[in-house]
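The values are calculated or read from the model by the stated rules, or taken from the named source; none is laboratory data. Given the structure is predicted, the values throughout are model-derived calculations rather than measurements. Positions of Cβ are backbone-derived with ideal geometry, glycine not excepted, and every protein chain shown enters the neighbour counts. Only protein heavy atoms, including side chains, enter the accessible area calculation; ligands, DNA and RNA are left aside. Shrake-Rupley method; radii C 1.70, N 1.55, O 1.52, S 1.80 Å.
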Amino acid sequence: MVSRVIPVDPFDLVIFGGTGDLARRKILPGLYRRYCSGQMEDNSRIIGAARSEHETAEFRQMIADAIAEFDPKSGSPEQLECFLERLEYVQVDALGEAGWKELAALMGENRVRAFYFSVAPSLFGALAERLHAHGIADSETRIVVEKPFGKDLASAKALNAALAEHFDESQIYRIDHYLGKETVQNLMAVRFGNMLFEPLWNSQYIDHIQITVAETVGVDGRGEYYDRSGAMRDMVQNHLMQLLCLTAMEPPAKFDPDAVRDEKLKVIRALNAVPLEDVVRGQYLADGKKPGYLEHAGDPDSKTESFIALRVEVSNWRWAGTPFYMRTGKRLRARSSEIAVVFKETPHSIFGEEAGRHRNVLTIRLQPNEGMDLFVTIKEPGPGGMRLVDVPLDMTFAEALGPEAEDVPDAYERLIMDVIRGNQTLFMRGDEVEAAWAWADPLIASWENRGDKPVPYETGSTGPEEALAMMHREGRRWRDIRA
């Protein structure tokens with residue numbers, strides 16, 4: 001299996017917050033890998049912009065150190081040197097006038113211009129205004145904005161309005177790195193490219209769907225920020241919501257950005273309000289070696305959740321009666337993200353009770369080992385009667401692609417190249433973001449108004465016992481969290 005690399009047009013990419021953690025860990029190492037693969041033209045340039053004072057030579061050395069730390073295996077010394085020559089740096093004041101003339105002077109002609117807002121959302125409007133005031137942006141310019149895109153519906157609308165004053169919706173790329181994962185895109189290929197699955201992808205054949213994003217880390221170092229958001233705002237409203245939409249949406253008429261996003265929007269608008277009895281919120285405890293959530297938050301009375309599980313229903317013809325269970329949390333047993341489509345049992349078993357009850361499960365693994373498994377029921381080998389066992393038909397990318405699996409672009413690489421191409425398929429639209437907050441806000445308000453406090457759970461567990469009970473009361477169980 002050979003992957004094709006299609007070069008993109010020459011571009012100038014300005015990264016506001018170019019000395020920040022995201023730029024050093026993900027954005028610039030990802031661009032370096034794209035350069036090494038031959039996807040970037042030699043005359044493309046990457047310009048770091050931030051408040052701190054640096055010479056371009058200092059910035060280049062900073063990025064060389066970041067690549068050595070976060071992606072030491074890519075490229076050769078010669079390739080690294082050539083890549084670094086394409087980097088520039090300018091000191092810019094997002095709220096003032098300093099640096100903007102210097103940035104404008106660096107812009108090339110007859111090339112794509114893209115601006116990555118890797119900064120706090122409070123600066124989005126100011127950056128958008130100054131890009132136009134100094135003649136740096138035009139009708140072909142693209143801007144990339146990171147989450148959190150608002151903390152509620154009102155703030156999301158305000159951010160959308162601030163950007164809309166200066167940029168058309170077709171120019172705004174709201175990035176969610178989960179949508180750039182190879183397996184997430186393969187979910188659409190599996191559903192809409194195979195006759196095998198789509199006729200079965202409905203409430204008649206599917207019992208329920210589980211979406212899990214589990215992390216082993218806590219909120220160390222960002223407790224104050226996290227305590228103002230929590231798992232619902234930080235993960236469910238965006239990452240898990242996007243995974244739910246791609247799993248539940250109707251087939252779009254064509255593989256076109258707005259056609260895909262129209263179908264995702266329909267899913268969000270079809271979500272029922274979630275009663276509080278279908279929600280479990282938790283906070284991780286200290287384990288003797290590491291502090292618990294309350295210590296990290298710096299507030300012994302904090303009511304913010306580091307874990308949440310909820311039962312969601314999509315009220316349309318395809319999914320009526322099929323629950324979607326979503327959960328995410330910090331300090332859990334393993335780092336694991338997956339979508340599990342659990343099919344119904346056969347209506348009648350001809351093999352007798354001793355053969356056991358079995359059902360097919362399609363799992364889409366997003367991390368750490370991207371791939372898919374389809375569990376099918378077969379006879380257990382050996383004599384002694386008809387004993388059934390479930391075994392996976394495994395499509396692990398690392399095994400299927402062999403050495404080429406290491407060359408598959410990561411999420412940020414793919415998404416930034418899509419920005420340069422002008423392809424918005426894997427980016428959220430403004431009305432989609434607002435619809436997600438319109439669904440989430442009443443749920444958040446319901447537990448805040450009632451003063452509910454999250455239940456504690458052990459570090460290294462699968463979350464609170466109450467989350468297990470939520471599934472058990474309907475005769476179901478969560479899948480194991482494993483790496």
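Over the chain, DSSP H runs of length four or greater, each weighted -39,500 (n - 2.57), average out per residue to a 222 nm ellipticity of -9000 deg cm²/dmol.
Close amide H partners of E380, meaning residues 5 or more places away or on another chain with modelled amide H under 5 Å apart, are R387, L388, V389.
Just order 358-364, 223-229 by mean Cβ neighbour count inside 10 Å, highest at the front, would you?
Output ranking for 358-364, 223-229: 358-364, 223-229.
Straight-line cross-link reach from K289 at under 20 Å between alpha-carbon atoms covers these aspartates and glutamates, not counting any fewer than eight positions away in the same chain: E215, D220, D299, E458. A simple rule links phi to the HN-Hα coupling: the Karplus curve 6.51 cos²θ - 1.76 cosθ + 1.60 with θ = phi - 60°, which for region 451-456 gives x, 5, 10, x, 7, x Hz, with x for Gly and Pro. Treating cross-link reach as a plain straight distance, find the lysines whose alpha-carbon is under 18 Å from the alpha-carbon of K181, omitting any fewer than eight places away in the same chain. Answer for K181, where 18 Å is the Cα cut-off: K26, K147, K264, listed by chain and number. Dipole of region 290-366 computed with +1 at Lys/Arg Cβ and -1 at Asp/Glu Cβ about the Cα centre; of L366, P323, F343, farthest Cα towards the positive end is L366.
Charge tally around I47: other residues with Cβ under 9 Å, Lys/Arg +1 each, Asp/Glu -1 each, net -1. Of all lysines in the structure, the ones whose alpha carbon falls short of 21 Å from that of K453, not counting any fewer than 8 places away in one chain, are K151, K303, K330. Backbone amide hydrogens, once placed in the peptide plane, bring K147 within less than 5 Å of I175, excluding anything fewer than 5 places away on its chain.
Sorting the segments 373-380, 416-423 by their residues' average number of neighbouring beta-carbon atoms within 10 angstrom, most packed first, yields 416-423, 373-380. Ordering Q204, N186, Y173 by Cα displacement along the dipole of region 132-208 toward the positive end leaves Q204 in first place; charges were set at the Cβ atoms of Lys, Arg (+1) and Asp, Glu (-1).
Within the accessible surface of the chain, defined with a 1.4 Å probe on protein heavy atoms only, the carbon and sulfur portion equals 51 percent. Peptides 462-471, 54-63, 445-454 ranked from most to least packed by the mean count of surrounding Cβ atoms within 10 Å: 462-471, 54-63, 445-454.
Within the chain, what percent of beta bridges assigned by DSSP are antiparallel, to the nearest 5? Just about 55 percent of them are antiparallel. Measuring nothing but how far apart in sequence close Cα pairs (under 8 Å, 6+ apart) lie, relative to its length, the chain scores a relative contact order of 18 percent.
Backbone geometry of region 247-263 corresponds, through the Karplus equation with coefficients 6.51, -1.76 and 1.60 at θ = phi - 60°, to 3J(HN,Hα) couplings of 6, 9, 5, 6, x, x, 5, 7, 7, 10, x, 6, 5, 5, 6, 4, 5 Hz, x marking Gly and Pro. Heavy atoms of the protein chains alone define the surface here; on that basis region 429-483 has 50 Å² accessible area per residue at 1.4 Å probe size.
Couplings for region 87-96, taken from phi via the Karplus curve 6.51 cos²θ - 1.76 cosθ + 1.60 with θ = phi - 60°, read 9, 10, 9, 9, 7, 10, 9, 4, 9, x Hz in order; Gly and Pro are left as x.
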